[in-house]
Every structure is written in structure tokens, then in C-alpha cells.
Ligand code: AP5
């Protein structure tokens, strides 16, 4: 199964992708994480990407597309994947369709995470990430047991530099200007599933799983010639 998670910053895409990848044995491919890794490793790509990330703007299509092109052909993607944060522009979406077609595949579903601006700001201002294992927390909604320390590995929690209020507001603006159009693109393709994303983490996971399981059931009926 090949899935895209689409939605504004802070909507919960990464949180849900982590759980769903475990539940459904799918690879979790986060374009943001791949870019941050390149920044940390001090590569040429990372150096170019960093200036855009810090300003809350999109990294140029060519850079992101090359990273994703390399990633989706790896062995762990053979059984499917969740693309979290990619595509983010119409041209990225078109290239993705081409990439998958060349691999003899296609996207099965795109989940659009619908959420208000107020909730985005609350979520991102309280987000904390583990510096060692990358686990995701929120000081109020998803707190670690010990303040500032990761439950899973004992690593230190930090705040992403692009989670400062002014950068968050820029990221929201960029989302409306450059990414929102993808909702219509995938609606027209008939694969868009809207997920109400204001609720708690567990009920959102449950809703996503329901949509996937229902789609798998209908596909088996079609294969059996029942419908
Ligand atoms: P990226 O890392 O992809 O950031 P984003 O899309 O802005 O998404 P976030 O990671 O901020 O949010 P999320 O939806 O994953 O929410 P999360 O689960 O963490 O991109 C960063 C930058 O990289 C971009 O600005 C751009 O520069 C560049 N980039 C990346 N991809 C690109 C592309 N394709 N093209 C060009 N440039 C690209 O949740 C947020 C917080 O809320 C957490 O604290 C979490 O614990 C909490 N939370 C989650 N769910 C709930 C809930 N249901 N209730 C309460 N709290 C919740």
C-alpha cells in the first residue's frame, strides 16, 4: 500500500505515520526528516536545504525530488510506504506519479489532515523531539514521563528551530500558497480521504485504520468479483 499524508504543518502527520507504519508494516518516509538528516550530516544538499527550512519556506523541488527518488527504490519500500510531507507542490505530485508509474505502481490513498490554524500553533509551540531517537512529544498533549527526557531511549528533548512562532506562521502561509492545491488534485484522482485532525491521537489513528481496512475489504470484494 502506498500512502501520502498531506496537511498543514503540525497537523499530526508524523505522529500518525509513526504508528501506522508499525501497524501496517509500511516504511515511513518523512521528507522533513530526510532533509534534516542531510543538514546534520553537513552534505551539500543539507547546506542548500537549511536556508529554506530556517525561513519556513519550501526547499526547491529538484532537491526534494532527488532525495525521494533515491529513497522509494530502497528494499524496505517494496511492501509499501507512507510519504509524510511529500509531495508539497503540484510539480512534486506529478513527478511522484511518474516515478511510481515507472516502478509499475501507483498511489493508493492520500490522507488530508484537516485542522485549524489555532490548533497548529498550539501543537507546534509545544512540540519536543528526542535528539537521539527522533521520538515526537508535546509538553501538554503527549508529554514525556520525565520533563525533557525521552521515554523510549533517555535522550534529551529539544525544540525544532522552525517551530518558533514567526517561522510557524510563515510555514502556514506557504502551505496555503503552495500545497493546498494538492487537495483538489487528489480529489479529482478519487484517492483523497479527509481526516478530522482536531481529536486526540488515538481516535485519529482509529479513523485512519478504519478507512484503510474498509478500502482493503472493498478491494477484496472487487477481486472476488462480488461487486
Ligand atoms: P516537515 O518536517 O515535513 O514539517 P511539516 O510538514 O511542517 O510538518 P510537521 O513535522 O511540523 O508536523 P506534523 O504534521 O508531522 O505534526 P506532528 O505529528 O509532528 O518539513 C519541515 C521543512 O522541511 C519545511 O518547512 C520545508 O522547508 C522542508 N520540506 C519538507 N518537505 C518538503 C517538500 N516536500 N518540499 C519542499 N520542502 C520540504 O505533530 C505536531 C505536534 O503535535 C507534536 O508535538 C505532537 O506530539 C502533537 N500532536 C500530534 N497529534 C496530536 C493530536 N491529535 N492531539 C494533540 N497533539 C498532537
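Hey, residue 122 hits all of (1) farther than 22 Å from residue 23 by Cβ; (2) more than 10 Å from the ligand (Cβ to nearest atom) but one; which does it fall short on?
(2)
Just to be sure before I move on: is residue 183 closer than 18 Å to residue 16 by Cβ, under 17 Å from the mean Cα position of the chain (by Cα), modelled with pLDDT of 95 or more and within 12 Å of the ligand (Cβ to nearest atom) in the structure I sent?
Criteria not met by residue 183.
Out of curiosity, is residue 86 assigned to a strand (DSSP E or B), under 19 Å from residue 190 (Cα atoms) and either modelled with pLDDT under 95 or in contact with a strand residue (DSSP E or B) (Cβ under 9 Å, 6 or more places away or on another chain) (or both)?
no
The rows are residues; the columns are (1) in contact (Cβ under 8 Å) with a residue 60 or more places away in the chain; (2) assigned to a helix (DSSP H, G or I); (3) within 10 Å of the ligand (Cβ to nearest atom).
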| site | (1), (2), (3) |
| --- | --- |
| 5 | yes, no, yes |
| 8 | yes, no, yes |
| 14 | yes, yes, yes |
| 18 | yes, yes, yes |
| 37 | no, yes, no |
| 45 | no, yes, no |
| 48 | no, yes, no |
| 51 | no, yes, yes |
| 54 | yes, yes, yes |
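Working carefully through the options 177, 196, 118, find the one that is farther than 21 Å from residue 96 by Cβ and without any contact (Cβ under 8 Å) to a residue 12 or more places away in the chain.
Among 177, 196, 118, only 118 is farther than 21 Å from residue 96 by Cβ and without any contact (Cβ under 8 Å) to a residue 12 or more places away in the chain.
Quick one: which of 166, 194, 177 is modelled with pLDDT of 95 or more and assigned to a helix (DSSP H, G or I)?
177
Need the failing condition index for residue 7 against (1) out of contact with any strand residue (DSSP E or B) (no Cβ under 9 Å at 6 or more places or on another chain); (2) closer than 23 Å to residue 168 by Cβ, just the number.
(1)
For segment 93-105, state whether one or more residues are buried (at least 20 other Cβ atoms within 10 Å of the Cβ), assigned to a helix (DSSP H, G or I) and touching a residue at least 12 places away in the same chain (Cβ under 8 Å).
Taking every residue of segment 93-105 in turn, at least one turns out to be buried (at least 20 other Cβ atoms within 10 Å of the Cβ), assigned to a helix (DSSP H, G or I) and touching a residue at least 12 places away in the same chain (Cβ under 8 Å).
How many residues, within segment 125-154, are surrounded by fewer than 17 Cβ atoms within 10 Å (Cβ to Cβ), away from the ligand (no atom under 12 Å from the Cβ) and outside any strand (DSSP E or B)?
10
The values are calculated or read from the model by the stated rules, or taken from the named source; none is laboratory data. This one's a predicted model, so the numbers in the text were calculated from it and none came from an experiment. Here the Cβ is made from the backbone with ideal geometry for all residues, glycine too, and neighbour counts use every protein chain on show.
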